[in-house]
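The values are calculated or read from the model by the stated rules, or taken from the named source; none is laboratory data. For clarity, every value in this text was computed on a predicted model and none was experimentally measured. With ideal geometry, Cβ positions are generated from the backbone for all residues, glycine too; neighbour counts draw on all protein chains shown.
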């Protein structure tokens, strides 16, 4: 088994070199501006995401509803009925799904008036946590249930297992695209401003740090 010592030495040197290149500490004004811009971008992207996917599901609902009664083939009519139910559920869920950035904008504005940066950081961390939650495996449960039932209806109810499997896979793929296109602005900005304190005897140094990860290096950007 190859030794890990050379790899650890490279990582240690990279961390040291990156940390040594300290930059001036971000001012409160820069921090507030970064948070505000991140939430503004998230709110804009969230609205595009919401209405964009709602349009996709609305078109799908209309096409499936038409095919459910007008298709020449009985199998196509059955598939369209299943698709109508799936599209209607997806459309309703998307229309009523509000991204966290819009309410966070109002809360950040209130915190700005009190100039409470600590509360602002906690707010951004909560928004980032919700962004991660929206991409976690639990966010796929509703789609998994709906697409499984739809696939079983076609595969077992209509005795076409191949078509049922295809319906399930297509539905899960579309759902995965919907999940992955959600905005993740808060998660990227909070990494820029992580406050910390270094204590050496009676000397305290307040600083901010951010992890830097690239295919070729791992490092820390320190602002003091």
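Annotations
- Taking the range 1-112 and the helices (runs of 4 or more DSSP H) fully enclosed by it, the elements with 2 or more residues that are assigned by TED's automatic domain parsing to the domain that holds residue 162 and either at pLDDT below 80 or out of contact with any strand residue (DSSP E or B) (no Cβ under 8 Å at 6 or more places or on another chain) (or both) are at 28-70, 74-95.
- Filter pass, residue 122 being in the same structural domain as residue 64 (by TED's automatic domain parsing) and either more than 20 Å from residue 180 (Cα to Cα) or touching a strand residue (DSSP E or B) at 6+ places or on another chain (Cβ under 9 Å) (or both): yes
- Restricting the range 113-125 to residues that are exposed (fewer than 15 other Cβ atoms within 10 Å of the Cβ) and assigned to a helix (DSSP H, G or I), the residue that is modelled with the lowest pLDDT is 118.
- Within the set 97, 75, 79, the sole residue that is more than 18 Å from residue 164 (Cα to Cα), in contact (Cβ under 8 Å) with a residue 24 or more places away in the chain and in contact with a helix residue (DSSP H, G or I) (Cβ under 9 Å, 6 or more places away or on another chain) turns out to be 97.
- Residue 92 vs. criteria within 30 Å of residue 188 (Cα to Cα) and either over 17 Å from the mean Cα position of the chain (by Cα) or surrounded by fewer than 17 Cβ atoms within 10 Å (Cβ to Cβ) (or both): yes
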